[in-house]
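Structure first, then comments.
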Amino acid sequence: MSARKGAALAAAALALCAPVLIGCSGGKPTPDLTPHVIAAADAEPIRPIDGREGYKMSEFSSELSDEEYRARVDELYTAVVIDGKKPIFAAGDPVAAVYDAAIAMLDRYVLNEWHGTDDGAFKTVHTLHDLLAYDIAYDFELYDRYSNGEDIGDDPAFHIDGVFINRLAVCDGLSRAMSFLCAIEGIGCERVTGAYSGVAHAWNKVTIGGKRYNVDITADAANYSVNAGKLEKQLSHGFFMLSDETMRTFRPRLHDYDASENVALDDYDYYAEKTVTVGDSVFSAMVRDAAALNRIFEAIGKSGRAVGKIELKLDFAEKINVNDGDMYATEIAEAYRKLKKADFSFTATSKPYFQYPNGVYLFMIYR
């Protein structure tokens, strides 16, 4: 396995499906993002932070060192996330562009009408999760340098400017960006640090409707190898709004962290009311038995290459302890046999899917 593929395994917190996969084309929004796109942005976007006490950013010189610039980014993060204030910038402040880019993202994708309700908070968190997971590239090169023992210093990928300015980050930057955006929107969001599969990691806990949930944006960016080691990405929701217990007992890829404070007690069942459309047929994303799974894959086989990937939650009555291992491997192998000339084939050495907690799978099928 190459160093770059190793980075995908560890840093992106997702095991590669196989040594080489011929994958779906990347770089274009998948249908998952469509519900979040505002066809015409609000004429006068209003952010909840606009009504809060202002914080005047500290004075700065015209020429900042890298250390001084990094300190200003940290000051901005503290003002918005920790202190809950609206930053006030002097003309020419170099970090004003970071804040403006964050506001522009919210103005483009988060409607005013979502503010102030639990449903609106959920829609906002869902949107931000999907945008950050799919649109922000993971800095695998930086992870490779880190793995090789190089002193990577205080790279922007660890911070919000890496996300909003460079659109390139690692888990630190993504988790900080999520906290920053939620703070602007008035949604409770904490940053969590720990380890994932033994690798240092960061993610978030959000509070909606008085309940706290884990949201791991990095782990929901499904990176996989294609020709010549090129990495592509698909969006998933397997680590979207989960409890501490689920996060810490999912044995295939364990989250290890201190969950004694700000406990997340509940799993939000993202898939409960979801449907998937294959050709002219509509199926529930909650799959209750092997026969239902086979019907979905048979429909995909008949539809051909119209379906590149599909997210399902398998919830068979006879299956228990599904977080201890790949409990559905046999049933999934049977389902893949229903496909016709799939680009992603199920073999003894290649399982073309990503497994997530509670029986959730992201299946790769056609290019």
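The values are calculated or read from the model by the stated rules, or taken from the named source; none is laboratory data. Being a predicted model, the structure only gives us computed values, none of them experimental. Don't worry about glycine lacking a Cβ; one is built from the backbone with ideal geometry, like all the others, and counts go over all protein chains shown. What goes into the accessible areas is simple: the full protein's heavy atoms, side chains included, and nothing from ligands, DNA or RNA. Shrake-Rupley method; radii C 1.70, N 1.55, O 1.52, S 1.80 Å.
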Problem set entry | Principal-axis tilt of helix 96-109 within the chain, Cα atoms, nearest 10 degrees | 40 degrees
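Which length gain, in nm to one decimal place, applies between residue 117 and residue 281 when the Cα-Cα distance is subtracted from 0.36 nm times their residue separation? Provide the component values of the computation, followed by the final result.
Numbers: separation 164, 0.36 × 164 = 59.04 nm, distance 3.36 nm.
Gain on stretching residue 117 to residue 281: 55.7 nm.
Starting from the alpha-carbon convex hull of the range 172-228, give the projected area averaged over all orientations, in nm². Working shown, then result.
Working: hull surface 20.7 nm².
That works out to 5.2 nm².
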For this session: Using R₀ = 30 Å, calculate the FRET efficiency as 1/(1 + (r/R₀)^6) where r is the Cβ-Cβ separation of residue 319 and residue 193; round to 0.05.
Result: 0.40
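Between their Cα atoms, which of 56/205; 230/351; 302/338; 123/319 are more than 21 Å away from each other? Walk me through the numbers before you get to the answer.
Working: 56/205 28 Å; 230/351 19 Å; 302/338 9 Å; 123/319 31 Å.
Over 21 Å Cα-Cα: 56/205; 123/319.
How large a share of the accessible area of the chain, in percent, is made up of carbon and sulfur atoms when the probe is 1.4 Å and the other protein chains stay in place? Kindly include the intermediate steps, with their values, before the conclusion.
Details: 8030 of 16430 Å².
Of all accessible area on the chain, carbon and sulfur atoms account for 49 percent.
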Exercise. In degrees, nearest 10, range 0 to 90: what is the angle between the Cα axis of helix 290-303 and the longest Cα principal axis of the chain?
Worked result: 80 degrees
Exercise. Per the Debye formula with a single identical scatterer at each Cα and no solvent contribution, what log10 I(q)/I(0) holds for the range 223-333 at q = 0.21 Å⁻¹?
Worked result: -1.32
Problem set entry | Unit charges at the beta carbon, dipole of the chain: most positive-side option, 213, 347, 262 | 347
For this session: Could you tell me, in Å, what Rg and Dmax come out for the Cα atoms of the range 37-126?
Result: 15.0, 45
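Regarding the range 205-246, what is the average projected area of its C-alpha convex hull, in nm²?
Working: hull surface 13.5 nm².
For the range 205-246, the mean projected area of the Cα convex hull comes to 3.4 nm².
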Seminar exercise, completed: Rounded to whole angstroms and listed largest first, the alpha-carbon spread of the chain along its three principal axes comes to 65, 47, 42
For this session: Express in whole angstrom the spacing between the alpha-carbon centres of the range 200-218 and the range 67-136.
Result: 17 Å
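Assign unit charges at the C-beta atoms only (+1 for Lys and Arg, -1 for Asp and Glu), then state the dipole size of the range 75-210 relative to its Cα centre in Debye, rounded to the nearest 20. Please report the intermediate quantities before stating the final value.
Values: 9 positive and 21 negative charges, 70 e Å.
The calculation lands at about 340 debye.
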Exercise. For the range 133-277, what D do you get in µm² per second when you plug the Kirkwood radius from alpha-carbon pairs into Stokes-Einstein at 10 °C and 1.306 mPa s?
Worked result: 98 µm²/s
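I'd like to check one number: the per residue accessible area of the range 303-344, probe 1.4 Å, reported in Å² as a whole number. The partial results should precede the final answer.
Values: 2160 Å² over 42 residues.
Per-residue value: 52 Å².
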Exercise. In debye, nearest 20: dipole of the range 250-326 around its Cα centre with unit charges on the Cβ of K, R (+) and D, E (-)?
Worked result: 600 debye
Exercise. Equivalent-ellipsoid semi-axes (√(5λ), Cα gyration tensor) for the range 284-349, whole Å, largest first?
Worked result: 21, 14, 10
Exercise. For the range 145-210, what number results from the quotient of the Cα radius of gyration and 2.2 N^0.38 Å?
Worked result: 1.23
Seminar exercise, completed: For the chain, longest principal axis from Cα atoms; helix 118-135 axis from its Cα atoms; angle between them, nearest 10 degrees, is 80 degrees
Problem set entry | Cβ-placed point charges (K, R +1; D, E -1), dipole of the chain about Cα centre in debye, nearest 20 | 1780 debye
Seminar exercise, completed: Per the helix-only model, the chain has a calculated mean residue ellipticity at 222 nm (DSSP H runs of ≥4, -39500 (n - 2.57) each, divided over all residues, rounded to the nearest 500) of -8500 deg cm²/dmol
For this session: Could you tell me the largest-minus-smallest coordinate of the C-alpha atoms of the range 95-204 on each of the three principal axes, in descending order and whole angstroms?
Result: 48, 31, 20
Problem set entry | Farthest positive-ward along the chain dipole, Cα basis, beta-carbon charges - from 362, 195, 104 | 362
